[in-house]
Every structure is written in structure tokens, then in C-alpha cells.
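Asker: Dropping a structure here in C-alpha cells format, bear with me for questions.
Taken together, the values in this text are just the output of simple stated rules run on the coordinates, not laboratory data. Because the structure is predicted, anything quoted here is derived from the model rather than measured. Glycine gets a Cβ as well: all are built from the backbone with ideal geometry, and neighbour counts include every protein chain shown.
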Amino acid sequence: MIDTDRTPGRGRLASVVADVRLWFAPERLRAEGETPDYRFSLANERTFLAWLRTSMALVGGGFAIDQFLPDTDRTLRLAAALTLLAGGAVCAIRALNHWIRCERAMRRGEDLPASRFPVVLGLAVGVIALVMVALVAVRWGG
Amino acid sequence: MPGPSSPAAPRDPGLQPERTRLAWRRTTLACAVATSLAARQALRAGTGPVPLLCVALAALAWLCFLGVAARRIRAVSVPRPPALSPRAAAAAAGCTLALAAFGAALTR
């Protein structure tokens, strides 16, 4: 994952494994620290859902590229569709991971984990959009 | 749609439970859009047994999401709702992952 923050004193892999275990063990999450104000938990949940929608939009975009651009070069079309689908999958996994890390940080009273993911995703979407603009311009011009 | 629980419930200045319920509904809707595109993708290969099975699988992923959302919407309709369980979160993210995997398998 691209999330920067991790528990000090543990390896990166060990911390990822611990996070993944938490996904399936609600009682372990509840055992950490104290239950925060429910409003914070609900805000964290809505952020998670917003990321999930972003992920679904990427997946839907992947389907749309494959279905609505039949005249495009097959390699280009497949590459674009698979990139978007993979982006959607990464976004969903990261949403889950980030949600659980925020939830745990709130229970422990720690700072929320910092993450580079939004910047990376934003840059990637920006670059893809610019490439699309260039492609459309070349088509119109040529 | 569940309204305010009871007149005795404490006032929540941020309407947090309602916003959370609406977020689940929006996300279910987004999931429906992605599922429709997935079904359309599958049906491009014709209407044989395999495409129809693919449509059924996509519908199942959406129904799974709908189930998680419905349970959660009910759970947050109380004055002090409990936090989302990691299992429900994993199931919701899993439905999205299933659609993505489905898409990767169906691109041509």
C-alpha cells in the first residue's frame, strides 16, 4: 500500500498482515482502545463509502471504455480498460485498509494515518485525461 | 425510509445517521450502474448459458452489496448507532473487487 504511516517497531509486511487480519476479526478491532464518539465512526464510514464509489466509477469506466469505443485500436482499448479496472480494484482494497486504520487510530486516540494515495490517484486521473485530450485533438486535426 | 427514531432521542446537530444512510444508498446506486455495465459487457457475447451465468454472477454481487447496505441502513437508524463492522466493510469492498475481476475476465 502507499499509505506512509505505520506502527513503529514493526516491519512493513508485518503491519500489512496485521491490518488484513483486522478486516475479518471485528472483536480484535473492538478490543483496541475505547469506542470513539459515534459521529467520528460514521464520518469514517462515509469516507470509506465515498472511496468505494470512486472505485466503482473506475470499474464502470473500464467497462465503458471496452464497450463504447469499438473503433479504437484493440491494444490501446484493452490497456485503458484494464488500467481502469485495476485502478478500481486497488482503490477498493485501499479504501478498506484506510478505513480500518482510521478506525483503529481513533480508538487508540492516535493521529489519523497520512496517505499518498489521493495524490497518486489524482495525478493518474489527470495524466489519463490529458492523454485523452491529446488523442481526441489528434483525431480531429488529422 | 426510517425517520427520526423518537421524540426522546438526543438531537444530532450533524444528522450523521441520515447522511450515512444516504451514503449507503448512493453507493448502492453506483454499484447498480457498474453492475449494469458488467451485465451489458457479458451480453455482448450473445445470450448463451455462459453470458447468462456471467449476468447472474454480476447480479449476485449487486444483491450482496444491497444486503450489506440494507442491514447497515437499519443498524444506523437508532440514536447511537454502533460502528460499521470490518466484515461488512470487507463484504462491500469485496463486491467492488468482484465486479473488477469480472470486468478483467470479460474484456476482449
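Asker: Sum -39500 (n - 2.57) across every DSSP H segment of at least 4 residues in chain B, then divide by the residue count to get the 222 nm mean residue ellipticity, nearest 500.
Answerer: Per the formula, -25000 deg cm²/dmol.
Asker: Hey, another quick one. Evaluate the distance, in nm, between pseudo-label points positioned 7 Å from the Cα of A:E27 and of B:R25 along their respective Cα→Cβ axes.
Answerer: 3.6
Asker: Further, regarding this structure: I'd like to know how the stretch A:80-122 sits against the 2.2 N^0.38 Å rule of thumb: what's its Cα Rg over that expected value?
Answerer: That ratio works out to 1.39.
Asker: Rounded to the nearest 0.05, what FRET efficiency do B:R71 and B:R40 give with R0 = 45 Å and r taken as the Cβ-Cβ distance? Could you check?
Answerer: Plugging the Cβ-Cβ distance into 1/(1 + (r/R0)^6) gives 0.95.
Asker: Same structure again: Can you give the Kirkwood hydrodynamic radius of the protein assembly as shown from its Cα pairs, in Å with one decimal?
Answerer: So the Kirkwood estimate lands at 19.7 Å.
Asker: Something else: Kirkwood Rh and Cα-based Rg: tell me the resulting Rg over Rh for chain A, rounded to two decimals.
Answerer: 1.10
Asker: Along the stretch A:98-104, what does the Karplus equation 6.51 cos²θ - 1.76 cosθ + 1.60 (θ = phi - 60°) give for ³J(HN,Hα), rounded to whole Hz, x for Gly and Pro?
Answerer: 5, 4, 5, 5, 5, 4, 5
Asker: Can I ask one more? What residue among A:P36, A:P118, A:P70 has the largest mean-square fluctuation in a Gaussian network model of chain A, using Cα springs under 10 Å?
Answerer: The residue with the greatest mean-square fluctuation here is A:P70.
Asker: Give a residue-ordered list of calculated ³J(HN,Hα) values for the stretch A:63-69 (Karplus: 6.51 cos²θ - 1.76 cosθ + 1.60, θ = phi - 60°; whole Hz; x for Gly, Pro).
Answerer: 4, 4, 4, 5, 8, 9, 10
Asker: Shifting gears a bit: Treating the beta-carbon of each Lys and Arg as +1 and of each Asp and Glu as -1, no other charges, what is the dipole magnitude of the stretch B:16-106 about its Cα centre, to the nearest 20 debye?
Answerer: 340
Asker: What FRET efficiency do you get for A:D37 and B:L60 if R0 is 30 Å and r is their Cβ-Cβ distance, rounded to the nearest 0.05?
Answerer: That gives a FRET efficiency of 0.25.
Asker: Let me ask something else. Determine the dipole magnitude for the protein assembly as shown: charges of +1 sit on the beta-carbon of Lys and Arg, -1 on that of Asp and Glu, nothing else is charged, the reference point is the Cα centre, and the result goes in debye to the nearest 20.
Answerer: Dipole magnitude for the protein assembly as shown comes out near 300 debye.
Asker: Calculate, in whole percent, how much of the Cα-Cα pair population of the stretch B:16-106 lies beyond 19 Å.
Answerer: Summing the P(r) of the stretch B:16-106 above 19 Å gives 43 percent of all pairs.
Asker: Considering every residue in A:27-35, what mean count of other chain Cβ atoms within 10 Å of its Cβ is obtained?
Answerer: That average works out to 1.
Asker: Moving on. Under the Karplus relation 6.51 cos²θ - 1.76 cosθ + 1.60, θ = phi - 60°, what is the ordered set of whole-Hz ³J(HN,Hα) values for the stretch B:94-99, x standing for Gly and Pro?
Answerer: x, 4, 5, 4, 4, 5
Asker: Using helices alone, what [θ] at 222 nm do you get for chain A, with -39,500 (n - 2.57) per DSSP H run of 4 or more residues, divided over all residues and rounded to the nearest 500?
Answerer: Result for chain A, helices only: -26500 deg cm²/dmol.
Asker: Also, I was wondering about something else. Quickly work out the B:R87-to-A:V138 label distance, labels modelled 7 Å from Cα along the C-beta direction, and quote it in nm with one decimal.
Answerer: 5.2
Asker: Taking amide H positions as placed in the peptide plane 1.01 Å from N, state which residues far from B:L84 in sequence (5 or more) or on other chains have amide H under 5 Å from it.
Answerer: HN-HN under 5 Å from B:L84: empty list.
Asker: Amide H neighbours of A:E32 under 5 Å, at least 5 residues apart or on other chains, H built in the peptide plane: list them.
Answerer: none
Asker: Follow-up. Dipole of the stretch A:12-113, Cα-centred, from +1 at each Lys and Arg C-beta and -1 at each Asp and Glu C-beta, to the nearest 20 debye?
Answerer: 140
Asker: Now, a different point. Among A:A86, A:L22, A:V119, which residue has its Cα furthest toward the positive end of the charge dipole of chain A, with +1 on Lys/Arg Cβ and -1 on Asp/Glu Cβ?
Answerer: It is A:L22.
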